[in-house]
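Here is the structure we will look at.
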Amino acid sequence: MPRPSDESTSPADTDPDRWSAKALASALRRHFGHRRFRPGQEQVIRTLLAGRPALAVFPTGGGKSACYQLPALLLPGSTLVVSPLIALMRDQVEALRARGLAAARLDSTLPPDEAAEVIRQWSAGELRLLYVAPERLAGESFRQLMQRHPPALLAIDEAHCISEWGHHFRPDYLKLAPLAHAWRLPRVLALTATATPAVATDIRRAFGIAEADHVQLSFHRPNLQLTVEPCADGRRLDRLRRELERTLKRPGSAVVYVTRQETAAMVAAGLERGGVAARAYHAGLPAALRAETQAGFMAGNLRVIVATIAFGMGIDKPDIRLVVHYNMPKSLENYSQEIGRAGRDGRRARCLWLACADDLTVLENFIYGDTPTPQAVRNLLDHVLRLGPRFDLSVHDLSTACDMRLAVVETLLTYLELEGVIEAGRRFHAEYKIHLLQPLERILTGRGQDERRLLAALLTAGREGRRWRTLQLTELAEPLGRSLDELDLALGWLGASGDAEVRPTRPRQSYRRLQEVTGSDLQQLAGRLHRRCLQREQRELQRLHQVLELARLSSCLTAALTAHFGETLAAPCGHCDRCRRPSKVRPLTDRAAPAVSDSEVGQVRQLAAEAHPALRTARQRARFLCGLPSPAATRARLQRDDRYGLLAKLPFATVLELCEAIRA
Ligand code: ADP
């Protein structure tokens, strides 16, 4: 393994005082080719070398990766990097390998044989950096691996995901702090490009990071000109077209953000009709079309993209001259991240929000639609806690069975873990499909006796189809007297040997039940979980109202936005519309209260009468009419129905009331 051999960067030497400014800078130059540290980097690196945890809040592009990559080369032992972005992980690992550094990744896209090799390398201390997706940490075998061979440094990318105050809370992240404590890691680096003071405090508390070791850079971008302009819904398309025509006279491109997929399609088509070439981009489009649109935009052939928030992860295009929020952003964190994609070349760029208070309803509906009813929480608990002391489940199937979005089910399961009721074990595939590329006898020759016996049993078991043999591992483990791990591994190696095509399917998560909860305890547990869901709802609503407050502001917009992230500007920015033309600022009109027409009532009645299995309850119909995705409706392809989103402009509570009143 390529260890730096010269004295000055000996990994065994972690005495921070040993690192003069010159020696550290020279290590940075040698390993990464950078001439000097960027602001904040050296302080973070020194903190880690001194054996203390740190928090780095740097804007995107600020150079966060070097903050753990350099220590990873200088510290004895290996560094574990947790990152939720698979594409980013891949790029980083490739870049590190190109520099001759021993880096690898473990994520769900890696074939089992390659994953097994990575685990072997980690155990043998051959890796300097290992990138993993956060869900990997839920696996028992992975946790045991880390217990036996703990990392010298744990770096956590997108660390704001650990905080329930954050806008991107990910339940997997909640487990990171208990693990860091269990592994007794002195060095943890939390990294993020977005943290309000409340989120930063949460992160610091979780990992025991001293206030002095929180390194916060300025997020102020003087080249971004913020404008928040009230605009009635019906006038937005025309206003957008005029703005784009003006922008497109000069080089560069533009991104238009909308909330709903339907709006993306509608706005892109409207612009095309008005003579402005534009394409829609959202998660509902086929992957190939999305890739083509993104490539066209990056190459500059397509200059205007109309997108939902699905667009932008990892987009680093220097010449975006205009970012328009056609709809209201769902939080100031989202807003700041989305406008942050403008003017990356440092030249002037315009950020225009066509503010309309009517948007609030759709965004609120998304939030309300995700809060399960007390009964739904209870149903999920009844289902999960009845599965026995050791059980496994498909989160996907559970989400369909309970008709709750995947993210909501995952959150509830995490709450159950945090309550100490269940503990997640390994993730595995319940089913394997195998196609032999060699006759069985040839596959078995040359293998050890034990492996031969196991493979012979496996490859004649299960159901034989025309091309694939299907094995249900959970049914085979016991009769064969083997653990699921062993079967998983044997099939992984079989695939790696090239003797067979091996496809794992049906992912499942195993759990251990730590307590039996019954009777009034169960009632109370369901109540606590439901209250947590309501608290989440309140936080999300509060975030929306913070966005609306920005639109109502008459003073400097830039100052208000930076203040949200805990930074005080010395003076008003002088370049937002409030600073430039204070007399022209118009107040935001309150949202309209649209009424339900007779024909709409008729359609609601008709829908109830149809008694579709995916729309049995009033709540399911209300979600459908508000255009809120639900697993059962998606599965039944009901999103294509004309009535999907029919009442999207109405508050969810009103639609729910209507659906409850009109029953089949
Ligand atoms: P972030 O993760 O904060 O978005 P990255 O770590 O991806 O940022 O770094 C952004 C770019 O800056 C990369 O191309 C990286 O090579 C470069 N970079 C990082 N540190 C330095 C430095 N000290 N000097 C020059 N370039 C740097």
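The values are calculated or read from the model by the stated rules, or taken from the named source; none is laboratory data. This is a predicted model, so every value here is computed, not measured. Neighbour counts are summed over all protein chains in view; Cβ atoms, including those assigned to glycine, are modelled from backbone coordinates with ideal geometry. Side chains are part of the model used for accessible areas, which takes the heavy atoms of the whole protein and leaves out ligands, DNA and RNA. Shrake-Rupley method; radii C 1.70, N 1.55, O 1.52, S 1.80 Å.
Below, the figures for the structure above:
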item	result
Number of the exception - ASP521 against (1) among the acidic types (Asp, Glu); (2) outside any helix (DSSP H, G or I); (3) free of Cβ contacts under 8 Å to residues at least 40 places away in the same chain	(2)
Whichever residue in the stretch 414-438 is among the small types (Gly, Ala, Ser) and open to solvent by less than 20 Å² (accessible area, probe 1.4 Å) and, among such residues, is farthest from the chain's Cα centre (by Cα)	ALA430
Identity of the residue in the stretch 64-83, in a loop (DSSP other than H, G, I, E, B) and touching a Phe, Trp or Tyr at 6+ places or on another chain (Cβ under 8 Å), that ends up nearest to the ligand (Cβ to nearest atom)	LYS64
Subset of the stretch 621-643 [open to solvent by less than 30 Å² (accessible area, probe 1.4 Å) and not basic (Lys, Arg)]	ALA622, PHE624, LEU625, CYS626, GLY627, LEU628, SER630, PRO631, ALA632, ALA633, LEU638
Per-region count, the stretch 175-207, residues open to solvent by 10 Å² or more (accessible area, probe 1.4 Å), more than 19 Å from GLU135 (Cβ to Cβ) and more than 16 Å from the ligand (Cβ to nearest atom)	13
Strands (runs of 3 or more DSSP E) contained entirely in the stretch 288-357, each with at least 1 residues that are among the aromatic types (Phe, Trp, Tyr)	349-355
Conditions (1) surrounded by 20 or more Cβ atoms within 10 Å (Cβ to Cβ); (2) near the ligand (Cβ under 10 Å from one of its atoms): number failed by GLY61	(1)
ARG378 being within 25 Å of the chain's Cα centre (by Cα), in contact (Cβ under 8 Å) with a residue 12 or more places away in the chain and either surrounded by fewer than 20 Cβ atoms within 10 Å (Cβ to Cβ) or part of a loop (DSSP other than H, G, I, E, B) (or both)	no
The stretch 487-503 residues that are outside any helix (DSSP H, G or I), paired with ones that are basic (Lys, Arg) (beta carbon under 7 Å, 6 or more apart)	ARG503/LYS433
Scope the stretch 414-459; condition in contact with a Leu (Cβ under 9 Å, 6 or more places away or on another chain) and at positive phi; matching residues	GLY420
Residue within the stretch 228-251 that is touching a residue at least 24 places away in the same chain (Cβ under 8 Å), β-branched (Val, Ile, Thr) and closer than 26 Å to LEU553 by Cβ present	yes
The listed residue being open to solvent by 20 Å² or more (accessible area, probe 1.4 Å), at pLDDT 95 or above and in a loop (DSSP other than H, G, I, E, B), out of PRO594, PRO572	PRO572
Identity of the residue in the stretch 26-52, of a type in the set (S, T, N, Q), more than 7 Å from the ligand (Cβ to nearest atom) and under 30 Å from the mean Cα position of the chain (by Cα), that ends up most open to solvent (accessible area, probe 1.4 Å)	GLN43
Unmet criterion (only one of (1) at pLDDT 95 or above; (2) open to solvent by less than 60 Å² (accessible area, probe 1.4 Å); (3) within 20 Å of GLY300 (Cα to Cα)) for GLU338	(1)
Unique residue being open to solvent by 20 Å² or more (accessible area, probe 1.4 Å) and modelled with pLDDT of 95 or more when the list is GLU610, GLU600, GLU567	GLU600
Filter result for the condition that a residue is open to solvent by 10 Å² or more (accessible area, probe 1.4 Å), at pLDDT below 90 and in contact with a Lys or Arg (Cβ under 7 Å, 6 or more places away or on another chain), over THR400, THR411	THR400
Residue check, ALA98 under 25 Å from the mean Cα position of the chain (by Cα) and farther than 23 Å from HIS214 by Cβ	no
Members of the stretch 250-280 that are farther than 17 Å from LEU240 by Cα and buried (at least 20 other Cβ atoms within 10 Å of the Cβ)	GLN261
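Let's see how each residue does on (1) open to solvent by 50 Å² or more (accessible area, probe 1.4 Å); (2) in contact with a Gly (Cβ under 9 Å, 6 or more places away or on another chain); (3) not β-branched (Val, Ile, Thr):
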{"position": "ILE443", "(1), (2), (3)": "no, no, no"}
{"position": "GLY446", "(1), (2), (3)": "yes, no, yes"}
{"position": "GLU451", "(1), (2), (3)": "yes, no, yes"}
{"position": "LEU455", "(1), (2), (3)": "no, no, yes"}
{"position": "ARG469", "(1), (2), (3)": "no, yes, yes"}
{"position": "LEU476", "(1), (2), (3)": "no, yes, yes"}
{"position": "LEU484", "(1), (2), (3)": "no, no, yes"}
{"position": "LEU489", "(1), (2), (3)": "yes, no, yes"}
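Per-residue answers, yes or no, for (1) of a type outside the set (Asp, Glu); (2) touching an Asp or Glu at 6+ places or on another chain (Cβ under 8 Å); (3) open to solvent by 50 Å² or more (accessible area, probe 1.4 Å); (4) without any contact (Cβ under 8 Å) to a residue 40 or more places away in the chain:
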{"position": "LEU75", "(1), (2), (3), (4)": "yes, no, no, no"}
{"position": "LEU85", "(1), (2), (3), (4)": "yes, yes, no, no"}
{"position": "ALA98", "(1), (2), (3), (4)": "yes, no, yes, yes"}
{"position": "ASP107", "(1), (2), (3), (4)": "no, no, no, yes"}
{"position": "ALA115", "(1), (2), (3), (4)": "yes, no, no, no"}
{"position": "SER123", "(1), (2), (3), (4)": "yes, no, no, yes"}
